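Peer 1: Below is one structure. I have some questions about it.
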Amino acid sequence: MTGFRVGIGHVVAAWVVLMIAGGFAAGCAYLVFQQAGRDQANQPAAAAASQAVYELASGKPPADALPASTDMTSTLTPFVLIFDTSRRLVASSGGTLDSALVYPASCFDQVDASGENRVTWQPEPGLRFATVAVKYDGGYVVGAYSLAESERDTGNFGTTLAIGYGAYACGCALVAVVCGWFMRARRPRGQSSGREPGLRR
């Protein structure tokens, strides 16, 4: 009986190790996918900011250096915010020019220190943007791009990953059951009795 118990214990231990390894691999895959999607969202924001800085450098006033106007609350089109040296919003292509629209002061500080800052900005609940802030002679330019699609893709990938992990767990459990049955079927007769044949108590 002892040999049989050790064998089953080994099967269970192997199953647990496979579950942990599979969960770790799935978690790493999710984090890599999430970060890749987030980094990719910086590209349209950076392009929009770079173009606006170019227009401003050519002598255009802030209002004329903007891309086509859009609605930052309902579209996926990149938009630009232009702030003056006092960090006051002076022009926007996001469909709003609200002086109460607050871009984090720490982000401006980072731009002053390094020339650029990339951060996720949430001006209000339900609105999240990848932003790239840069400096120009008259203040600051912030390019922004909605994270709605990136976060939706990440959610869908997470769901697919969870389903795949569930299938993996079921498959490993099935293999463990089959191995346990096979080991039991191959167990020598009389092993479970705990004493040699022919002996009586």
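Yes/no per residue for (1) farther than 22 Å from Phe33 by Cβ; (2) modelled with pLDDT under 90; (3) in contact with a His (Cβ under 9 Å, 6 or more places away or on another chain); (4) in a helix (DSSP H, G or I):
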residue: Ser106; (1), (2), (3), (4): yes, no, no, yes
residue: Tyr140; (1), (2), (3), (4): yes, no, no, no
residue: Phe157; (1), (2), (3), (4): no, no, no, yes
residue: Gly164; (1), (2), (3), (4): no, no, no, yes
residue: Ala169; (1), (2), (3), (4): no, yes, no, yes
residue: Leu174; (1), (2), (3), (4): yes, yes, no, yes
residue: Val178; (1), (2), (3), (4): yes, yes, no, yes
residue: Arg195; (1), (2), (3), (4): yes, yes, no, no
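Peer 1: Moving on to the next point. Any residue at all in the stretch 20-32 that's over 18 Å from the mean Cα position of the chain (by Cα), in the same structural domain as Leu174 (by TED's automatic domain parsing) and not aliphatic (A, V, I, L, M)? If you could, list the steps in order and put the result at the bottom.
Peer 2: Narrowing the stretch 20-32 to residues over 18 Å from the mean Cα position of the chain (by Cα): 20-22.
Subset that is in the same structural domain as Leu174 (by TED's automatic domain parsing): 20-22.
After this cut, where a residue has to be not aliphatic (A, V, I, L, M) as well, the list is 22.
Yes, the stretch 20-32 contains at least one residue that is over 18 Å from the mean Cα position of the chain (by Cα), in the same structural domain as Leu174 (by TED's automatic domain parsing) and not aliphatic (A, V, I, L, M).
Peer 1: Tell me, please, whether a residue that is in the same structural domain as Ser58 (by TED's automatic domain parsing) and farther than 24 Å from Gln51 by Cβ can be found in the stretch 125-144. Explain how you work it out, then say what you get.
Peer 2: Kept after step one, since they are in the same structural domain as Ser58 (by TED's automatic domain parsing), are these residues of the stretch 125-144: 125-144.
Filter once more, keeping what is farther than 24 Å from Gln51 by Cβ: 125-126.
Among the residues of the stretch 125-144, at least one is in the same structural domain as Ser58 (by TED's automatic domain parsing) and farther than 24 Å from Gln51 by Cβ, which makes the answer yes.
Peer 1: Taking Ala148 as meeting all but one of (1) of a type in the set (A, V, I, L, M, F, W, C); (2) modelled with pLDDT of 95 or more; (3) out of contact with any strand residue (DSSP E or B) (no Cβ under 6 Å at 6 or more places or on another chain), write down the number of the exception.
Peer 2: Condition not satisfied by Ala148: (2).
Peer 1: Among residues belonging to the stretch 36-72 that are hydroxyl-bearing (Ser, Thr, Tyr) and over 23 Å from Leu147 (Cα atoms), point out the one that is modelled with the lowest pLDDT. Lay out the reasoning, then the answer.
Peer 2: Looking only at the stretch 36-72, we keep the residues that are hydroxyl-bearing (Ser, Thr, Tyr), and these are 50, 54, 58, 69-70.
The next check asks that each one be over 23 Å from Leu147 (Cα atoms); those that pass are 54, 58.
Values: Tyr54: 95, Ser58: 92.
Here the answer is Ser58.
Peer 1: In the stretch 1-35, how many are in contact with a helix residue (DSSP H, G or I) (Cβ under 8 Å, 6 or more places away or on another chain), over 24 Å from Thr160 (Cβ atoms) and either assigned to a helix (DSSP H, G or I) or modelled with pLDDT of 75 or more (or both)? Don't jump to the end; show me each part of the working.
Peer 2: Of the stretch 1-35, the ones in contact with a helix residue (DSSP H, G or I) (Cβ under 8 Å, 6 or more places away or on another chain) are 1, 3-4, 7-8, 11-12, 14-15, 18-19, 22-23, 26, 29-30, 33-34.
Those still in the list that are over 24 Å from Thr160 (Cβ atoms) too: 1, 3-4, 7-8, 11-12, 14.
Retained after the next criterion (residues that are either assigned to a helix (DSSP H, G or I) or modelled with pLDDT of 75 or more (or both)): 3-4, 7-8, 11-12, 14.
Residues meeting the conditions: 7.
The values are calculated or read from the model by the stated rules, or taken from the named source; none is laboratory data. None of these values were measured; they are calculated from a predicted model. With ideal geometry, Cβ positions are generated from the backbone for all residues, glycine too; neighbour counts draw on all protein chains shown.
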